[in-house]
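The values are calculated or read from the model by the stated rules, or taken from the named source; none is laboratory data. All of these numbers come straight from a predicted model, not from anything done at the bench. Note that each Cβ is placed from the backbone with ideal geometry, even for glycine, and that neighbours are counted across all protein chains shown. For the accessible areas, the whole protein counts, side chains as well, though only heavy atoms, and no ligand, DNA or RNA atoms are used. Shrake-Rupley method; radii C 1.70, N 1.55, O 1.52, S 1.80 Å.
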Amino acid sequence: MSLAEFTDQWLSAIAPQISEGSGWLTDLRQGAVEQFATLGLPHARLENWKYTDVKALAKRQFSLPNGQADAVTLIKESSLGLDGIRLVFVDGIFSEQASTLNSLPQGVQVLPLAKNANAAKPLLGQVAAANFSGFTALNLAGWQDGVLIDLAANARLEQPVYLQFVATEQENPVLVQPRILIKAGTYAEATVVEHYAGADDAASLTNAVTEVELADGANITHYKLQQESSKQYHIASMHVQQQRDSRFTSHNVCLGGKLARQDIQVELNGEGAEVNLNGLYLGNARQHLDNHTLVNHNAPHTNSHEDYKGILNDRSRGVFNGRAVVHKNAQKIEAHQSNANLLLSDKAEIDTKPELEIYADDVKCSHGSTTGQLDENALFALRSRGLGEEMARGLLTLAFANEVIDRIEIPAVHDRIEDAVAGRLPEKFNLKGLV
Amino acid sequence: MLEVKDLRVSVEDKEILKGLNLTINPGEVHAIMGPNGAGKSTLSAVIAGRDGYEVTSGSITFEGEDLLEMDIEERARAGLLLGFQYPVEIPGVKNVYLLKAALNAKREHLGLPELEAPEFMKLVREKLQFMKMDSSFLHRSVNEGFSGGEKKRNEILQMLILEPKLALLDEIDSGLDIDALKIVSEGVNSLRDAGRSIVMVTHYQRLLDYIVPDHIHVLSDGKIIKSGDKSLAFELEKRGYDWVIEEAAQ
Ligand SMILES: Nc1ncnc2c1ncn2[C@@H]1O[C@H](COP(=O)(O)OP(=O)(O)OP(=O)(O)O)[C@@H](O)[C@H]1O
Ligand SMILES: [Mg+2]
């Protein structure tokens, strides 16, 4: 199928969304349609998409979700158990019935997006450029639902906002396009958990975009847990803009999907802004897991720390690209990056590239990537207590993942993720019942 | 229990153990002393099965079995435990996972079912208390950020839970203050019985006041050059090793 045919097909799939809504929104969507028509789907000639081929998507027919599927069991079983402020989306469509929105403190708004699009006008498309990639344009053109989290100055949310996206099995694969908008006023604080899970045979394409705006002194912690089915495609990008003294922490755990691509773009625009990016990806079978991060140090005295770890088994393939750019005049910067990988099989593969681009002179930077072996001393120590070699390897592999997982501060989420990771490690490690 | 015969071991083509003989009977407590670099830790490592040591001749049998033919974990399951001179830090592996996995492995070897969680926790808490360790240690990574003394106590905690037939304790007393030394010694002494043997490597007679050995050996330049009873430790403390080495040379 030619790109033109393909574009037409996708555009007709999202046409209903474009015609919906009030004037400004239709205009915005229409503009994005044009962007998408120009950009098309990313292709391998683009440096950022060199290792991740989405051509296969072009062969698929997608339809739009209706959110009507019976997902009660799926919602229950995949839940992280964060019940205070919980928004459930079935195939990307908000389910009021499954959600709880109890007692929000003063100054906090958590609004399902489709019904409250007008409230999102000042933010929508402001942080995430429509032309970031074809997928970003496509999402802006055809997003179906999502959430707006709006925190007034000094507002503090003690409980995390739990966004649970479940994908059901559908006769024809659906195109699910969530949009998540987070706006934190000065000194506002909140934690947001974005969680994606799928039924075993769900085969949809998720194309999610998250926009986060942090005013002076705001503090946002964002969790992303991706556990979609092995038949799903998961494309997501998160775009963050930070003002003075704000702090953004991202925990990004990527376990599911046939092909998953996550982009994170952070703009440190104000002095004293700090970002921490923690990531873990674990690939099995023929999974393809790609993480691209970009941090722009646009102001002096800004810090970034990035630690991504990958475990790749079978014939899975990982891609990591972490770019930090220190712009001219952005002095007194700290930018640290590391990416470490464990390959559990000869056929697994990783393409890793931490990149630093520095146009200022007073900076403290480090970067490195390793493809590691387990620590032989630790292996001996464990076996010397009677643990079989495979189990010892398993525990050390889990320990490697735990360096990232242990930074997760919500105990329920921490334990769920540790379990999920242990459950996806090779059976021969025999970790069941132990952790 | 353990029989080491004419053991010669090389590391990277350098001979470290040069025909070492040692017999440990059930119920006995032995101490091995000797100058730095004599090969004491090498002997422990070879017995435990660490890679990188080439046994060029001789044999080691444990309860009549050829130890050198066994994997590291098989030796442990058969009842051997090496207390490390430098306990290894294992970031990300919780103490409790290690203890549980180790105990399960041993029980499976003995044909026993796994301990149920409450029973296991009861056992662990009891031993923790004995070692005067806080239960928060269970959820910390193995030895990570532990002080020197805490690491050594942790080795003995593992020993109390695993109840090995033969414990080889390499400098279990180094880095311990007097209170910790007492706790560690009480831990070791609580396991002393007619069926169990203990070998301690140490530089200090002080430990032997608390854990009184039946035999003392001097290991020098890869060989046991003198053996005696506990009075030998006092003499070594007073006079050093030179006279033993000279005596052996004649
Ligand atoms: N992996 C190794 N590579 C090279 N040499 C080694 C290695 N391990 C041990 N050796 C050497 O073997 C000799 C014996 O070392 P070992 O650690 O057994 O001594 P030790 O008697 O335990 O000494 P200490 O009292 O200082 O602990 C030393 O000369 C040491 O340098
Ligand atoms: Mg030594």
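Placing pseudo-labels 7 Å out from each Cα toward the beta carbon at A:SER12 and B:SER231 gives an inter-label distance of 10.5 nm. The H on the amide N of A:ILE311, modeled in the peptide plane, is under 5 Å from the matching H of A:TYR281, A:LEU282, A:GLY283, A:LEU342, each at least 5 residues off or on a different chain.
The dipole here belongs to the protein assembly as shown: it is taken about the Cα centre, uses +1 on the Cβ of Lys and Arg and -1 on the Cβ of Asp and Glu, and is about 540 debye. Here the 3J(HN,Hα) profile of the stretch A:306-315, calculated from phi with Karplus coefficients 6.51, -1.76 and 1.60 at θ = phi - 60°, is 10, 9, 10, 10, x, 10, 10, 10, 6, 10 Hz, Gly and Pro shown as x.
Cross-link pairs exceeding 32 Å in C-alpha to C-alpha distance, out of A:LYS59/A:LYS347; A:LYS347/B:LYS106; B:LYS122/B:LYS152, comprise A:LYS347/B:LYS106. Since only B:ILE161, B:LEU208, B:MET131 are under comparison, the one whose Cα sits farthest along the positive direction of the charge dipole of chain B, derived from C-beta charges on Lys, Arg, Asp and Glu, is B:MET131. Calculate I(q)/I(0) for the protein assembly as shown by the Debye formula, one identical point scatterer on each C-alpha and no solvent, and give its log10 at q = 0.07, 0.08, 0.11 Å⁻¹ to two decimals. Once normalised to I(0) and log-transformed, intensities are -0.59, -0.71, -1.05.
Sorted largest first by accessible area at a 1.4 angstrom probe radius, with every protein chain in place, the residues A:THR302, B:THR23 fall in the order B:THR23, A:THR302. Here the mean projected area of the convex hull built on the C-alpha positions of the stretch A:375-435 is 4.2 nm².
Along the axis of the charge dipole computed for the protein assembly as shown (Cβ charges of +1 for Lys and Arg, -1 for Asp and Glu, origin at the Cα centre), the listed residues A:ASN339, A:GLN170, A:ASN284 are led at the positive end by A:GLN170. Only one residue of B:PRO87, A:TYR51, A:PHE135 has its Cα farthest out toward the positive end of the dipole of the protein assembly as shown, where Lys and Arg carry +1 and Asp and Glu -1 on Cβ, and that residue is A:PHE135.
Close amide H partners of A:HIS239, meaning residues 5 or more places away or on another chain with modelled amide H under 5 Å apart, are A:THR210, A:GLU211, A:VAL212, A:GLN265. As a ratio to 2.2 N^0.38 Å, the alpha-carbon radius of gyration computed for the stretch A:3-269 takes the value 0.95. Residue separation of B:GLU108 and B:GLN250 scaled by 0.36 nm, minus their Cα-Cα distance, works out to 46.0 nm of gained length. Most simply put, chain A has about 5% antiparallel DSSP beta bridges, counting only bridges with both residues inside it. Heavy-atom accessible area, probed at 1.4 angstrom with all protein chains present, ranks B:TYR53, B:TYR97, A:TYR359 as A:TYR359, B:TYR53, B:TYR97, highest first.
Take every DSSP beta bridge whose two residues both sit in the stretch B:102-250; close to 50 percent of them are antiparallel. Note on chain A: with a GNM built from Cα contacts shorter than 10 Å, the maximum mean-square fluctuation among A:GLU213, A:GLU267, A:GLU409 falls on A:GLU409. The sum of -39500 (n - 2.57) across all DSSP H runs of n ≥ 4, divided by the residue count of the protein assembly as shown, sets its helix-only mean residue ellipticity at 222 nm to -8500 deg cm²/dmol.
Rounded to the nearest 0.05, the FRET efficiency derived from the C-beta distance between B:LYS238 and A:ASP362 at R0 = 60 Å is 0.45. Using the Karplus relation 6.51 cos²θ - 1.76 cosθ + 1.60 with θ = phi - 60°, the per-residue 3J(HN,Hα) values for the stretch A:135-146 come to 5, 5, 4, 4, 5, 5, 5, x, 4, 9, 7, x Hz, with x marking Gly and Pro. Computed about the Cα centre, the dipole magnitude for the stretch A:375-435 is approximately 200 debye when only Lys and Arg (+1) and Asp and Glu (-1) carry charge, each at its Cβ. Rounded to whole Å, give me the distance from the Cα center of the stretch A:304-341 to that of the stretch A:135-168. That distance is 25 Å. Computed 3J(HN,Hα) for the stretch A:392-402, one whole-Hz value per residue from the Karplus formula 6.51 cos²θ - 1.76 cosθ + 1.60 where θ = phi - 60°, is 4, 4, x, 4, 6, 5, 5, 4, 4, 5, 5, glycine and proline marked x.
Cβ-Cβ distance of B:LEU115 and B:GLU163, R₀ of 22 Å, FRET efficiency by 1/(1 + (r/R0)^6): the value works out to about 0.95.
When B:ASP51, A:ASP216 are compared by accessible area of protein heavy atoms, the largest-first order is B:ASP51, A:ASP216, using a 1.4 Å probe. Annotation: amide H-H contacts under 5 Å for A:GLN331 (H modelled 1.01 Å from N, sequence separation of 5 or more, or interchain): A:HIS301.
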